[in-house]
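Visitor: To start, I am sharing the structure in question, which I have written as structure tokens.
The values are calculated or read from the model by the stated rules, or taken from the named source; none is laboratory data. This structure is a prediction, so every number in the text was calculated from the model and none was measured. All Cβ positions, glycine included, derive from the backbone under ideal geometry; neighbour counts span all protein chains shown.
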């Protein structure tokens with residue numbers, strides 16, 4: 001036995017470059033046997049929300065089935081657990097997909113050091129992206145792109161290989177270890193996840209929504225998105241698999257560009273690891289943000305979906321019940337937190353990290369910074385989303401709001417976006433707006449003036 005594969009955020013068998021290379025090496029060894037491992041820390045797992053716990057557990061169960069029940073789950077820190085397991089089965093090489101986010105880099109460095117101490121080798125190959133973070137550079141001086149559009153053009157020109165196929169000759173080694181972690185918190189619904197479900201979801205998206213993706217992706221009331229963010233975050237499907245089927249049509253081109261946004265943010269975080277929780281544009285750390293007891297109360301109303309602005313509250317309640325939120329609505333609630341409530345973006349990013357089943361460090365931090373106006377290629381700070389107008393535009397009949405706010409279900413059509421204007425709009429207990437958006441927009445712009453570069 002000479003090969004061990006460490007599953008990380010790549011919980012799939014197909015189009016897994018590192019796993020394919022590991023398997024090819026095992027076959028070349030004349031052994032053809034690989035031990036597949038996943039490592040988790042019990043305490044860390046139990047801090048996750050119920051939906052996130054169930055999402056990971058179901059994804060691992062799916063992977064285990066595809067491996068004929070031979071996935072080995074190890075409890076403990078990765079460095080210690082993998083070194084112990086490698087020593088136990090005398091595995092000379094431990095293979096894994098290379099990480100490019102700050103936490104993942106630290107983890108793999110610790111594992112490599114631990115393995116080297118006992119004469120073992122960590123082999124890192126591939127990535128969770130079509131184009132490796134750090135690979136897209138300006139041809140003039142080799143520096144990074146700070147703006148998305150030229151990044152996309154260079155990214156597209158680099159291209160990517162065809163999806164990788166796992167050799168059929170591979171045999172999974174039956175190890176002995178702990179069981180798949182059991183959720184300690186409930187989920188509001190039965191979670192479906194895993195490689196097979198991800199591929200089914202992609203096929204359904206191609207048939208029903210990909211053609212019109214460019215027109216419908218921003219509509220919160222329509223099923224116009226791919227619903228693949230969870231699968232990408234857990235590595236149940238690789239971007240290569242998605243890109244391989246795309247053609248030169250409006251819907252396909254826009255979907256390709258959305259995938260590239262994810263890769264752009266990964267590139268930015270790789271080059272600027274401090275931006276996972278710090279400002280990309282440092283001067284925004286000097287802005288006046290509200291703090292104290294009153295600010296804490298405002299944050300809680302935002303989290304609970306009780307701001308009195310239907311589009312904001314619908315999004316926050318969708319997050320609470322589904323562990324997911326439509327991307328357009330994510331921008332609306334983020335703008336409201338930063339520019340209406342005057343709270344720092346990190347507070348919202350932290351809540352998203354706790355709540356989203358599709359949490360991704362790069363997309364989360366830089367999605368928030370884009371909306372907050374302090375990130376790379378950011379929406380200018382003075383672009384403040386009007387939560388009422390955003391509702392009229394992206395939920396024109398009010399169906400999205402009524403779905404998640406039962407107190408407003410009695411209202412018909414677009415009038416649901418301003419229920420306080422109706423005689424019976426608030427009869428079921430929905431709160432009045434907690435603030436005057438126009439006044440808070442002006443206040444936000446005043447605070448911007450205070451930190452403008454002279």
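Visitor: Does residue 162 count as more than 20 Å from residue 367 (Cα to Cα) and at pLDDT 95 or above? Explain how you work it out, then say what you get.
Guide: Details: more than 20 Å from residue 367 (Cα to Cα): yes; at pLDDT 95 or above: yes.
So residue 162 fits the description; yes.
Visitor: Could you give every pair whose Cβ atoms fall below 6 Å, whose first residue belongs to segment 409-423 and is farther than 9 Å from residue 398 by Cα, and whose second residue is loosely packed, with under 14 Cβ neighbours inside 10 Å, counting only separations of at least 6 or pairs across chains?
Guide: Pairs that qualify, where the first residue is farther than 9 Å from residue 398 by Cα and the partner is loosely packed, with under 14 Cβ neighbours inside 10 Å, are 420/432.
Visitor: Right, another one. Here are some residues: 257, 306. Which one is at pLDDT 95 or above, assigned by TED's automatic domain parsing to the domain that holds residue 389, farther than 21 Å from residue 444 by Cβ and touching a helix residue (DSSP H, G or I) at 6+ places or on another chain (Cβ under 9 Å)? Give the derivation first.
Guide: Values: 257 fails: assigned by TED's automatic domain parsing to the domain that holds residue 389.
It is 306.
Visitor: Here is a further query. Can you report the number of residues in segment 347-391 which are within 25 Å of residue 418 (Cα to Cα), outside any helix (DSSP H, G or I) and touching a helix residue (DSSP H, G or I) at 6+ places or on another chain (Cβ under 8 Å)?
Guide: Result for segment 347-391: 4.
Visitor: Looking at segment 287-314, which of the residues that are at negative phi and without any contact (Cβ under 8 Å) to a residue 24 or more places away in the chain is surrounded by the fewest Cβ atoms within 10 Å (Cβ to Cβ)?
Guide: As a first pass, look at segment 287-314 and keep what is at negative phi: 287-291, 293-304, 306-307, 309-314.
From what's left, without any contact (Cβ under 8 Å) to a residue 24 or more places away in the chain: 291, 293-294, 296-297, 300, 304.
Values: 291: 11, 293: 7, 294: 9, 296: 12, 297: 11, 300: 10, 304: 12.
My answer is 293.
Visitor: For residues that are under 26 Å from the mean Cα position of the chain (by Cα) and surrounded by fewer than 19 Cβ atoms within 10 Å (Cβ to Cβ), scanning just segment 74-97, find the one that is nearest to residue 119 (Cα to Cα).
Guide: 77
Visitor: Within segment 236-277, which residues are closer than 17 Å to residue 202 by Cβ, in contact (Cβ under 8 Å) with a residue 12 or more places away in the chain and not in a helix (DSSP H, G or I)?
Guide: 236, 237, 238, 244, 245, 249, listed by residue number.
Visitor: For segment 433-448, what are the residues that are over 15 Å from residue 289 (Cβ atoms) and in a helix (DSSP H, G or I)?
Guide: So the first thing to find is which residues in segment 433-448 are over 15 Å from residue 289 (Cβ atoms), and the list is 433-439, 441-442.
Across segment 433-448, the qualifying residues are 437, 438, 439, 441, 442.
Visitor: Quickly run through segment 167-207 and pick out the residues that are within 23 Å of the chain's Cα centre (by Cα) and more than 30 Å from residue 47 (Cβ to Cβ). Quick ask: steps written out before the conclusion?
Guide: Looking only at segment 167-207, we keep the residues that are within 23 Å of the chain's Cα centre (by Cα), and these are 180-206.
Those that are within 23 Å of the chain's Cα centre (by Cα) and more than 30 Å from residue 47 (Cβ to Cβ): 199, 200, 202, 203, 204, 205, 206.
Visitor: Looking at segment 98-117, which of the residues that are within 14 Å of residue 8 (Cβ to Cβ) and surrounded by fewer than 15 Cβ atoms within 10 Å (Cβ to Cβ) is nearest to the chain's Cα centre (by Cα)? So that I can check it myself, show each step before the final result.
Guide: Within segment 98-117, the first condition is being within 14 Å of residue 8 (Cβ to Cβ), and the residues that meet it are 98-101, 103-112.
Filter once more, keeping what is surrounded by fewer than 15 Cβ atoms within 10 Å (Cβ to Cβ): 103, 105-106, 109.
Numbers: 103: 15, 105: 18, 106: 19, 109: 23 Å.
Only one residue tops the list, namely 103.
Visitor: Ok, one more. Tell me which residues, restricted to segment 215-252, are under 23 Å from residue 330 (Cα atoms) and surrounded by fewer than 17 Cβ atoms within 10 Å (Cβ to Cβ).
Guide: Residues satisfying the conditions are 215, 216, 223, 227.
Visitor: For segment 151-199, give me each residue that is closer than 30 Å to residue 49 by Cα, part of a loop (DSSP other than H, G, I, E, B), out of contact with any helix residue (DSSP H, G or I) (no Cβ under 6 Å at 6 or more places or on another chain) and touching a residue at least 60 places away in the same chain (Cβ under 8 Å).
Guide: Filtering segment 151-199 for residues closer than 30 Å to residue 49 by Cα gives 175-199.
Narrowing further to those that are part of a loop (DSSP other than H, G, I, E, B): 175-177, 179-194.
Remaining after also requiring out of contact with any helix residue (DSSP H, G or I) (no Cβ under 6 Å at 6 or more places or on another chain): 175-177, 179, 182, 189-190, 192.
Listed by number, the residues that qualify are 175, 176, 177, 179, 182, 189, 192.
Visitor: Go through segment 197-211 and count every residue that is surrounded by 15 or more Cβ atoms within 10 Å (Cβ to Cβ) and either under 18 Å from residue 13 (Cβ atoms) or not assigned by TED's automatic domain parsing to the domain that holds residue 239 (or both).
Guide: Pass one, segment 197-211, residues surrounded by 15 or more Cβ atoms within 10 Å (Cβ to Cβ): 197-199, 201-202, 205-206, 209-210.
Among the residues that remain, those that are also either under 18 Å from residue 13 (Cβ atoms) or not assigned by TED's automatic domain parsing to the domain that holds residue 239 (or both) are: 197-199, 201-202.
Residues in segment 197-211 being surrounded by 15 or more Cβ atoms within 10 Å (Cβ to Cβ) and either under 18 Å from residue 13 (Cβ atoms) or not assigned by TED's automatic domain parsing to the domain that holds residue 239 (or both): 5 in total.
Visitor: Further, regarding this structure: Taking only segment 10-53 into account, find how many residues are in a loop (DSSP other than H, G, I, E, B) and surrounded by fewer than 16 Cβ atoms within 10 Å (Cβ to Cβ). Write out each step before concluding.
Guide: Keep residues of segment 10-53 that are in a loop (DSSP other than H, G, I, E, B), which gives 10-16, 30-32, 41, 48-49.
Restricting the remaining residues to those that are surrounded by fewer than 16 Cβ atoms within 10 Å (Cβ to Cβ) gives 30-32, 41.
Residues in segment 10-53 being in a loop (DSSP other than H, G, I, E, B) and surrounded by fewer than 16 Cβ atoms within 10 Å (Cβ to Cβ): 4 in total.
Visitor: The conditions are (1) over 24 Å from residue 100 (Cβ atoms); (2) surrounded by fewer than 16 Cβ atoms within 10 Å (Cβ to Cβ); (3) in the same structural domain as residue 431 (by TED's automatic domain parsing); (4) out of contact with any helix residue (DSSP H, G or I) (no Cβ under 8 Å at 6 or more places or on another chain), and residue 321 fails exactly one of them. Which is it?
Guide: So the condition that residue 321 fails would be (4).
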